[in-house]
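Just so you know, all these numbers are worked out from the coordinates, no wet-lab data involved. Quantities reported herein were computed from a predicted structural model and do not represent experimental measurements. Please note: Cβ atoms are built from the backbone with ideal geometry, for glycine as well, and neighbour counts cover all protein chains shown.
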């Protein structure tokens, strides 16, 4: 429990943002390709465990930000594709703004700490 | 853990299988990318698992995401609550029983309230159905005259339609035996107004509203039972009242009679046949005769007031044209629903109030138990608090117990209600409005369970908050040392017990008032004697009895033969018998006595044969009763009652004076005692009787007084009747005692219900006192032990405990007495012969309550007195 919370605590907010952003820029994706995209974007720094990724996807789906649907991949395999809902798009804007503010604050703190 | 898993599966969300295949796909993709990098298959798979984790552990993580976390907590709380409760079987048993009994009682009441008051009437858009009456000072709900109906049909702008109906039983000869059928005569617009039409055949036509029409519509029940659902019966003729009638239609199953205040079957009673209401009577009769119920449907969105105004316009027009018949008359429009329920709404409201009080007492009782229960859990709660349990979390833990309790109590109570509903039906009067709609359905079940949950949660809230508000170090240290209840707990429970006693006292007061009223009624002089009399009705068909002389001869011969039967003391017949709802009035004149301004001289008009008053032992005050000399050709005479004599012949002996009604002058020959319309009526109405021989009816009620069991001579009466007319049925054969019982059935039901509730209230208050004192004795064991060791006698200890119980009882009684004026006033409608502040009742109810308190506190007192000092001290 503590372990899970610690990991989730670090990632939860940012992971949600990353998933939402990935889907917004690339369109409907299955779990594997979302993970691959995030890994690629972080230059391999973020290796997403299934135990981290899928709870996040479920959570986002339960809150109505994503919609999952089984469909065929290019290689003709069954996979569950996630797409953004209207609420998800709105949430992405909210989180983006929140993140910008946080990042701004931290940046300010780091650069202006002497005064 | 298993329960938890199962509950989770009930939650909405994706299945495990679905999730698992999604993850398998992920793993496969990962492995494939490994293979693409040139790894052998085995290695690729192993690497994949290392990189993204195993499916089963990821599933675990995802599952935790799936349910709502608060639910998991609640489930744990409930599980914990169940365990805790079953460790305290005493508490569980008492609390569940208290709750179940209160819930059962209130569920039964709910079925009555729902069936009688809440369920819409079974007609299309029942809200727009109204009953229409003629209003006058003395008769606020007079049946509509036919002319008024015709004019309403022609002139009113707010009525969609209006129809008339009046009772008219018929005699069916189909096969071998004659049978009396419940019949209603209706106008052609009666069914359309209610929004129903025959399922077979057609409705009556306006041209068929004639006394000579011989067309009939059958009820569904009789069509099925006597005509075997034969569809070809429409168009055929059947034998009714010894004539041939053509069946023109069959009504649908489930069509309910709307009920009426005047010569009508009750609402919901099965009607066998409908036939046209003949409105082709002489012109004067159209405005003078009042024997029809009127039902109308308002146009959409028309409020009652506007309809009343509109119909008053019609009455004003009638007053202008026929001042003799319509002066001082107004229109009165009442919603059908209110008319159907009528006076019984009071009864329903009374038992509802009593039931509600019982529920509150039960709630307080359980609250008291919960206080003790929370105190017992003090240590546990304090530890949880110390370990960081939030306040809401703790309240939830406490309330979870009450939820479990509520569910148990609700289900037990519902079962109890289901088991007792036949009893309820049997004690409800048979003519109670909408009796057939009273049953336990889903709604009642939902009511029972939610009432129980609400009660037990409300009962738990106060103790829960109280406990969690206390400072944690304090309760922890106290809890770990000794669970010695603080003064606060005892006094809180004391207040609860006082409240319970007060409410129970109010219930007792109400019940005692009703019982006193009943006793007063029982000793009331009703003016006649009900015991030893058999009564039945005869209705003469047109065929064979088409003129008064034939009927007169038949009645007189039948009475003569009945009187010859051994055991018969007296026999007579009349147009009605007392207490059966007869209230036909007519206005009359007293020659030489002008009416006072605004006064309308009216009386119930009835008919009687010689022997009628004798059979009823109806006392004669002055003059004489009818005898065989008052025949058709003799001088027209009447007998009046005492109240008529007092009201219209102030200070004058009315005997041998004359009155004029039905257009003829009649001489008063006697004055009889007053009999009220129903047993508890405040006063009798003026009444006048004519000899049956001088105004023969087409139907009579026969009364026969005999020695011994009155019904025992019924077969002899029937045989004798058959020798005169084999086809004439004896209808509604019963004893006059049964008539009297029926007339008082609703009051008896109200009394019985209130007594039961008062009993419940007493029992609950007793449980409350007993529970508190037992608890106190247990808490004070040490103190009691020390007192005993120091030489206190058992009597002192007994008194110490019992006395505190009595003090609580007395405080409750005083508090309760403060509310008795309120209760008394609310019950005025049910009281007879006692005032709302009746002294005897004001003494009896508190005494009963204090005695209950004494019994309830004596037992714990006895336990205290018997305790062994050494064991009490050693326990500490």
Next on the checklist: If every alpha-carbon in the stretch A:2-111 counts as one equal scatterer, what log10 I(q)/I(0) does Debye give at q = 0.16 1/Å?
Outcome noted: -0.77
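Find how much the distance from residue B:709 to residue B:454 grows on full extension, using 0.36 nm per residue of separation minus their present alpha carbon separation; answer in nm with one decimal. Write out the running numbers ahead of the final one.
Details: separation 255, 0.36 × 255 = 91.80 nm, distance 5.38 nm.
Additional length available on full extension: 86.4 nm.
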Checklist entry - Using r as the Cβ-Cβ distance of residue A:96 and residue B:15, and R0 as 60 Å, what FRET efficiency do you calculate, to the nearest 0.05? => result 0.95
Checklist outcome for this item: Output field shielding_mean for A:58-65 (other chain Cβ, 10 Å radius) holds 3
Checklist entry - Quick one: Cα centre-to-centre distance for the stretch B:176-197 and the stretch A:54-115, in angstrom? => result 73 Å
Checklist entry - Using r as the Cβ-Cβ distance of residue A:41 and residue B:301, and R0 as 51 Å, what FRET efficiency do you calculate, to the nearest 0.05? => result 0.15
Checklist outcome for this item: Note on the stretch A:2-111: contact order normalised by length, alpha-carbon pairs under 8 Å, 6 or more apart, percent, works out to 27 percent
Next on the checklist: How far apart, in nanometres, would the label points at residue B:345 and residue B:547 be if each is projected 7 angstrom from Cα along the Cα-to-Cβ direction?
Outcome noted: 5.1 nm
Checklist entry - Normalised by the residues of chain B, what does the relative contact order come to in percent, with Cα pairs under 8 Å and at least six apart? => result 14 percent
Checklist outcome for this item: Taking Cα pairs closer than 8 Å and at least 6 residues apart, the relative contact order of the stretch B:541-727 in percent is 32 percent
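Beyond 13 Å, what percent of the Cα pairs of the stretch B:757-823 remain?
72 percent
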Checklist entry - Alpha carbon centre of the stretch B:453-467 versus the stretch B:540-555: separation in Å? => result 74 Å
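Helix-derived [θ] at 222 nm for chain B: sum -39500 (n - 2.57) over DSSP H runs of at least 4, divide by residue count, nearest 500?
On the way: 29 runs with 463 residues, N = 876.
Calculated at 222 nm, the ellipticity per residue is -17500 deg cm²/dmol.
Any idea what diffusion coefficient chain B gets from Stokes-Einstein, in µm²/s, Kirkwood Rh on alpha carbon pairs, 37 °C, 0.692 mPa s? Before the final figure, lay out the partial values.
Details: Rh = 33.4 Å.
Reported coefficient: 98 µm²/s.
Tell me, what is the FRET efficiency for residue B:50 and residue A:110 to the nearest 0.05, using R0 = 25 angstrom and their Cβ-Cβ distance as r?
Details: r = 36 Å, r/R0 = 1.43.
Efficiency, from the Cβ-Cβ distance: 0.10.
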Checklist outcome for this item: Rounded to whole angstrom, the alpha-carbon centroid of the stretch B:209-224 lies from that of the stretch B:654-705 at a distance of 34 Å
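Work out how much length residue B:125 to residue B:595 would gain on full extension: take 0.36 nm times their residue separation and subtract the Cα-Cα distance, in nm to one decimal. It would help to have the intermediate numbers written out before the result.
Numbers: separation 470, 0.36 × 470 = 169.20 nm, distance 4.56 nm.
Length difference between fully extended and current span is 164.6 nm.
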Item to check | Cα-derived Rg over Rh, computed across the protein assembly as shown with Rh taken as Kirkwood radius | outcome: 1.13
Checklist entry - Modelled label-to-label distance, residue B:818 and residue B:269, 7 Å Cα→beta-carbon offset: nm? => result 4.9 nm
Item to check | Full-extension gain in nm, residue B:214 to residue B:722, via 0.36 nm per residue minus C-alpha separation | outcome: 180.2 nm
